[in-house]
Structures are given as structure tokens and as C-alpha cells.
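A short write-up of the structure that comes next.
The values are calculated or read from the model by the stated rules, or taken from the named source; none is laboratory data. These numbers were taken from a predicted model, which means no experiment stands behind them. Please note: Cβ atoms are built from the backbone with ideal geometry, for glycine as well, and neighbour counts cover all protein chains shown. For accessibility, only protein heavy atoms count, side chains too; no ligands or nucleic acids. Shrake-Rupley method; radii C 1.70, N 1.55, O 1.52, S 1.80 Å.
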Amino acid sequence: MRVAVVGAGAVGSLVGGLLARAGEEVVLVGRRAHVEAIESRGLLLEGLGGGPLRVRVAARERLEERPEVLLLAVKSQDLERACREVAPLAREAVVVTMQNGLRCDGIARHFFRPDQIVGCVVYSMATFLEPGRVECGVRGWLCIGDPFIPDRPRLARLRALLRQALPVRISRDIAATRRTKLVGNLNNALPAATGRPLQEIYFSPTTGRLPLRVMREGFETLEAAGLETDRSPQALALGLLSRRMPEGAALALLRAFSRTPPGRRPVLGSTYQSVVRGSPTEVDFLNGEIVALGQRAGVPTPYNAHLVRLVHEVERGGGFFPPEALWPEDTCG
């Protein structure tokens, strides 16, 4: 099957590389340095177990041929531009949106027919270390669903394709699944603002309770806006940690599950990766989404609004903030 991965960064390269290794006809579309490294040495995938894996896969700076499946793996802030560029070659393709946040399916609908679009929520953790090299921190899984036009046979075919790379689940309500992922992604802003890994923030007496409050504010804002999360184990776990469990017990549990095993890189997140590359971040599509929903629902969102301001300041070259700066004014740390 002809598969094009537009936005061959960490996740796009991981999924596309594993599909190519499984024998699918894949082209990775990414930045020049990454493309040149892949053409020269192949794509190096690390962290999958069994040692580094070098995959030979086609790579281009732009889409040149018509794909049967188009995986849109660019960041949320780049999706509109990417859709505009590739739409003429993807009129008949299955278009898979792999962004964080809540808006990607709606953006794609401006450029593709609704019956072409499949939503995909990525529960995997990968790091784009350098051109031609990606490390998988948590292999995880993909969750796919129809945002507009139900088509179970198409989902089954797509699942059969993608499960050659990662395990795949099918969501009955992909919009609700995106909301669940959004709540977990809200803490991506913490390393992006401070340059410190999440584990350090969780274990610091200064900032340990902050991630719980950021997620709680996200849940409460979605609820006030009349938007439900899904009923997955992830939603139940996040809700238990941030809303139902006493903060002290929740913090102890969060720390217990966040210890970094020997040899594994600390968790810094995709927003941090954008910062260090000097690229715009997706904070407006994550924490900024909660702020916008809160404004419409009349709900204050001091924690997420403060994180949006801090990350944008870092983007402007202001340097990382000390961890204590993560607390908004007039909140109890």
C-alpha cells in the first residue's frame, strides 16, 4: 500500500519507519537535513528492544506522488499549511490526522472530503534526537476513529495496516478520545517552560502538586463546556488522579509511576522539543484550547493561561523559567 507520512518528525518517522520495515511502500516527507540523513544512512530507530534498528525508507522534502493512505503527522500549528500543500495529490487517499488537541479534524475538513478523514490519537512517546535518528521512549498504541462519516470497513483496513507499526484500537467517539489525550497533554507545557523533565517537576516539593491542578482545571473546563472525555482506562486514571483522589495520595501515586527506569531518557515532551529546535510550539492547541473553552464557558483557567504565557515567552527567546515561576499569582502552591 502506498503510504505517505507528511511531517516525518518523531512519531511520523517511528510509524512510517516501522511500516516500511513491514514491507509497505512508504515515503517520509520531512525537513531537508532529516531527508538527507535517511537517504544517506537510512532511518535509525532506537528504544524498540533488541538494539538499534536501521530502516531503508524513501524520504522527500515534499509529496510528489499520489498516496493511498496519507498520515498527517505535522504538529497542530503546521496542519493547515500541510493540508493545503498536499491536498491536490491526496484527493482519493484515506487521510489520517495524528495531531494533539481538538481542532485537527476540523482543519483537515477544509481541504478534504469528510468521508476521507480518519482521526488518530497517538499514545506513544518518541524523541527526534537528530536528523535520521529517532528514539522510542514508550511504544504505546494508536487509537483511530471516524470523526465525520462512519465507515467500519475502512477503519478495519486502516487498523490492519497501522498495527504493523504499533498496536491499534478503534474508538467509538474519536472526539471524546482526543479530549482525554488533551488533558494528559496539558503538562507538556511544564518542561517547555522550565527545561526540566516532568519527573523532576513531579518530585519537587515546589512544583509537585501543579500537574494535578493543571489537569483538574482541564477536566473542569471541558465539563463546563459540555464536552465529555471517553471512558477509556486513561480517562479514568487521569480523573482519579486529578479530581477524585486527595492531592497528597495522588501525588504519591504519580511519583510512583513516574520514576525513570535506568537507561531511559527523562520525559520532556513534544512541546519542549519544538522549543529547543526553535520552532513554534502547539501550546495554543493544548493549554490554549482549555483557556479558550473556559472563556466561552465563563470558567477561570489561571493555571493553563499562565502556562500559555510562559511558553510563548520562552518561544520569544526569553530563556527557561525557574520551576517556582510555574505557579500563577494568587494560587496556593
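Considering every residue within the stretch 34-56, establish whether at least one is within 20 Å of residue 155 (Cβ to Cβ) and touching a residue at least 40 places away in the same chain (Cβ under 8 Å).
Looking through the stretch 34-56, none of the residues is within 20 Å of residue 155 (Cβ to Cβ) and touching a residue at least 40 places away in the same chain (Cβ under 8 Å).
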If you scan the stretch 190-202, which residues turn out to be in a helix (DSSP H, G or I) and under 18 Å from the mean Cα position of the chain (by Cα)? 190, 191, 192, 193, 198
Since residue 213 meets every condition but one in (1) open to solvent by 60 Å² or more (accessible area, probe 1.4 Å); (2) among the charged types (D, E, K, R); (3) touching a residue at least 24 places away in the same chain (Cβ under 8 Å), which condition does it not meet? (1)
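Quick grid of which residues meet (1) open to solvent by less than 10 Å² (accessible area, probe 1.4 Å); (2) more than 13 Å from residue 119 (Cα to Cα); (3) of a type outside the set (D, E, K, R):
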position: 149; (1), (2), (3): no, no, yes
position: 156; (1), (2), (3): no, yes, yes
position: 163; (1), (2), (3): no, yes, no
position: 182; (1), (2), (3): yes, yes, yes
position: 189; (1), (2), (3): yes, yes, yes
Any hit, the stretch 253-260, residues being over 26 Å from residue 139 (Cα atoms), open to solvent by 30 Å² or more (accessible area, probe 1.4 Å) and over 23 Å from the mean Cα position of the chain (by Cα): no
Residues in the stretch 304-333 that are buried (at least 16 other Cβ atoms within 10 Å of the Cβ) and touching a Ser or Thr at 6+ places or on another chain (Cβ under 7 Å) total 6
Wholly enclosed strands (runs of 3 or more DSSP E) of the stretch 112-177 bearing at least 2 residues modelled with pLDDT under 95 and under 24 Å from residue 2 (Cβ atoms): 117-130
Go through the stretch 274-303 and give me each residue that's crowded, with 18+ Cβ neighbours inside 10 Å, without any contact (Cβ under 8 Å) to a residue 40 or more places away in the chain and not small (Gly, Ala, Ser). 291
Condition check: on the phi < 0 side of the Ramachandran plot and open to solvent by less than 60 Å² (accessible area, probe 1.4 Å). Does residue 228 satisfy that? no
